[in-house]
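Worksheet for the structure shown next.
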Amino acid sequence: MNLNEWIFIGLFFALGWALPATPIVLGKILAPKRPNQVKQQTYECGVEMVGSPWTQFRAQYYIFALVFLVFDVELVFLFPWALAYNQLGLFALFEMTVFIFLLVVALVYTWRKGALRWS
Amino acid sequence: MTGLLQDIGFSRDLAVLIAKAAGVIVVAVFGLLWTLLGIWLERKWAARFQDRVGPNRVGPFGLIQTVADTVKILLKEDIMNKGVDRWVFNLAPILAVLAVTLIWAVVPFSAAWIGTDLNIGVFYLLAVGALGTVAVIMAGWSSNNKYALLSAYRAVAQLVSYEVPMVLALLVPVLLSGSMSTQEIVRQQHIWYVFAAPLTVLLFLISGQAEIGRGPFDLLEAESELVSGFHIEYSGMKFGMFYVAEFLHAFTVGVLTAILFLGGWRGPFAEDVAILGFFYLMIKSLFAYWVLVWVRMTLPRVRIDHLLDFNWKFLVPVGLANLLIVALVWKAIPGTDQISSFGDAVVPTLALLLVNVAMFLVIGALLADRGRRERARIEARVAGADLPVETVAGAGD
């Protein structure tokens, strides 16, 4: 691996912050600053806030995040395979077919379990 | 440039470092400057789609409207409501822009111009692109606002779900070119991959549109339900940065489509004249971006259960099948392991194109069948229970 290529990314990361931060800081300097009680209220279409913003949320969101996690982690394994595909023999194809088939089984299982149903 | 710096008396390492830093500034500043023009362009397009004129007051054709807007937003008061998590709140807009500009580090602008040609470029795209999701969640979480929080939850469900078909689509050009370097993928496209893998392009565009949270997938900032979503409490330049990030992300999806499927900078004489390659890439990117804007302005917003169903029960299975079939066909055709000219690519491309047409037909038939059955089911229930259609429609899984 050529480390030289990564210096660029590192520099980009270091300097990249500055680009969006500069206008924000500039805005801080130029813009007026006159806070008051009403202005600083949490915006809820003009009426006073009802209850706490830390409300309960559907567990469904969590389940989707979990399903994603499983899939994404497994899809990462497909990258080296796709990369070396042209040099690999038939066996690699067979192996990956089995792997993708397992993924499909997982998908069907979550589907059957009703984890993908919203209501 | 490195040589020049060394002549002045810098050590070699320092010269390399300075040259690279200059490259970073050029790429990043170009991205932000392009935003000024791009936002104008998009507003003009959007106006045309809606039979309006669009910005036309400031400057010729309203060209410097965005500059005027920038100055205005700079002078706007930055209101921070009570109870926000200051650090996270302030970092979110910066991270949103950073996530997108970082992608531009591996964009091959022409045969000679590329920020850095990483050998894991496509992987890097995915990793950095996911930072944008984090920014959205940070903004929603730290705002101390119900609607912003709700939008952050939706972001988790949506952005994260559509990442799966996007990865599946990205695997196809990697497989066809045998490389993850963006520059190498462009070089390998003796015939654009859009002809070999039209279904993949469609998958990429749909999931890309969902990733940028636009068009029919703009549930993150549904104005009518969530007021404006995760950036509701942001004002002044911090909101401006979210706007910039959104535009830049959308355009970047166009650029990536051009690089991965439309041949990137490839075109007549692009190998020799760097500026020509850059020109071709911009034209192709703008075309892909125009398609995204077109979809955005045409389709109505989908409901969240439909959105997730569409992803997990349609796009993901299609993506998996597509990947497998492309891999199978690619192995079945002899000579695909060393394609080095236009002539070598003709036969595999034609074969894959035929297979893709077949896949389109099968998917279309399956969808039509499903639609017919769903319709019959709803009609039967309406007739049986004497219900209004609206209560039954969409009640299925």
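Here are the numbers for this structure:
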quantity	calculated
From B:THR116, B:THR101, residue being under 22 Å from the mean Cα position of the chain (by Cα) and either more than 26 Å from B:PHE230 (Cα to Cα) or not assigned by TED's automatic domain parsing to the domain that holds B:LEU260 (or both)	B:THR116
Cross-chain or 6+ apart pairs with Cβ under 6 Å, the stretch B:69-88 first and at positive phi, then surrounded by 17 or more Cβ atoms within 10 Å (Cβ to Cβ)	B:GLY83/B:ASN144
Residues within the stretch B:104-113 that are in a loop (DSSP other than H, G, I, E, B) and under 19 Å from the mean Cα position of the chain (by Cα), tallied	2
Pick from the stretch B:70-125, criterion aromatic (Phe, Trp, Tyr) and more than 10 Å from chain A (Cβ to nearest Cβ), ranking: farthest from B:LEU170 (Cα to Cα)	B:TRP87
Count of the stretch A:54-63 residues which are part of a helix (DSSP H, G or I) and either more than 15 Å from B:LEU150 (Cα to Cα) or facing chain B (nearest Cβ under 7 Å) (or both)	2
Which numbered condition B:PHE10 fails, given (1) without any contact (Cβ under 8 Å) to a residue 60 or more places away in the chain; (2) within 23 Å of B:TYR243 (Cβ to Cβ); (3) outside any helix (DSSP H, G or I)	(2)
Answer from B:PHE278, B:PHE314 - the residue that is within 20 Å of B:LEU203 (Cα to Cα) and either assigned to a helix (DSSP H, G or I) or outside the structural domain of B:PHE109 (by TED's automatic domain parsing) (or both)	B:PHE314
Matching entry among B:VAL186, B:VAL156 (being at the interface with another protein chain (Cβ under 10 Å from one of its Cβ atoms), more than 20 Å from B:LYS82 (Cα to Cα) and either at pLDDT below 85 or part of a helix (DSSP H, G or I) (or both))	B:VAL156
Residue count, the stretch A:69-86 (criterion: within 7 Å of another protein chain (Cβ to nearest Cβ) and either within 20 Å of B:ILE185 (Cβ to Cβ) or surrounded by 17 or more Cβ atoms within 10 Å (Cβ to Cβ) (or both))	8
Residue in the stretch B:99-108 that is without any contact (Cβ under 8 Å) to a residue 40 or more places away in the chain and buried (at least 18 other Cβ atoms within 10 Å of the Cβ) present	yes
Evaluation of B:LEU292 against (1) at pLDDT below 85; (2) under 21 Å from B:ALA155 (Cα atoms) (one fails), failing number	(1)
Criterion: out of contact with any strand residue (DSSP E or B) (no Cβ under 8 Å at 6 or more places or on another chain), of a type in the set (A, V, I, L, M, F, W, C) and farther than 28 Å from A:ARG117 by Cβ - qualifying residue of B:LEU150, B:LEU170	B:LEU170
Of the criteria (1) under 29 Å from A:PHE79 (Cα atoms); (2) more than 10 Å from chain A (Cβ to nearest Cβ), which one B:ALA139 fails	(1)
Among (1) over 30 Å from A:VAL50 (Cα atoms); (2) in contact (Cβ under 8 Å) with a residue 40 or more places away in the chain, the one test that B:VAL128 misses	(2)
Top-ranked residue in the stretch A:1-53 [being among the small types (Gly, Ala, Ser), over 25 Å from the mean Cα position of the chain (by Cα) and surrounded by 12 or more Cβ atoms within 10 Å (Cβ to Cβ); ranked as nearest to the other protein chains (Cβ to nearest Cβ)]	A:GLY27
The stretch B:12-25: number of residues that are more than 11 Å from every other protein chain (Cβ to nearest Cβ) and modelled with pLDDT of 75 or more	2
Number of positions in the stretch B:213-254 that are of a type in the set (A, V, I, L, M), closer than 28 Å to B:LEU75 by Cα and under 13 Å from the mean Cα position of the chain (by Cα)	3
Close pairs (7 angstrom Cβ cut-off, 6 or more residues apart or separate chains): under 16 Å from A:ALA84 (Cβ atoms) in the stretch B:168-186, in a helix (DSSP H, G or I) and hydroxyl-bearing (Ser, Thr, Tyr) anywhere	B:VAL172/B:THR200; B:PRO173/B:TYR193; B:LEU175/A:TYR85; B:LEU176/B:TYR193; B:GLY178/A:TYR85; B:GLU184/B:SER177; B:ILE185/B:SER177
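The values are calculated or read from the model by the stated rules, or taken from the named source; none is laboratory data. Please read all numbers here as calculations on a predicted model, not as lab measurements. Heads up, the Cβs are rebuilt from the backbone with ideal geometry, glycines too, and the neighbour counts pull from every protein chain shown.
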